[in-house]
Amino acid sequence: MIDKYEDNPGRPARDKQVVCYGQVHSYIYIMLPAEPRLNTNCDATAILVLVTLCKTNGQDASLTPVWYTEMEIVRAFDVANIDCVVGRIKVGDRWGIID
């Protein structure tokens, strides 16, 4: 799920389900302290993953061949957003997703 309006911060968030592929760079374990002003009464932990997404226009490689030639910027996600591990193969000047 991503925010349909992530590139327009003035609009209220609206979830949109998309298929994304990317390269994982690192995992980050963080501890968030309790903050009564934010209605969090106990410490919480989170595991984030830094990923560079492939520019695939949301195509699903389990349904149709998916190719890309460019990558997007690095983004941070909750590790729970990773659904599975896939591969890639280079053919000429583009990469194909193997799902």
Open item on the list: Please count how many residues of segment 42-69 are more than 16 Å from VAL19 (Cα to Cα) and in contact with a strand residue (DSSP E or B) (Cβ under 9 Å, 6 or more places away or on another chain).
Closed with: 9
- [ ] Would you list the strands (runs of 3 or more DSSP E) that sit entirely within segment 13-91 and hold 2 or more residues that are small (Gly, Ala, Ser) and open to solvent by less than 60 Å² (accessible area, probe 1.4 Å)?
- [x] 22-32, 44-54
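The values are calculated or read from the model by the stated rules, or taken from the named source; none is laboratory data. Owing to the predicted nature of the structure, the values given are computational and were not obtained by experimental measurement. Neighbour counts run over all protein chains shown; Cβ positions are idealised from the backbone, glycine included. Heavy atoms of the whole protein, side chains included, go into the accessibility calculation; ligands, DNA and RNA do not. Shrake-Rupley method; radii C 1.70, N 1.55, O 1.52, S 1.80 Å.
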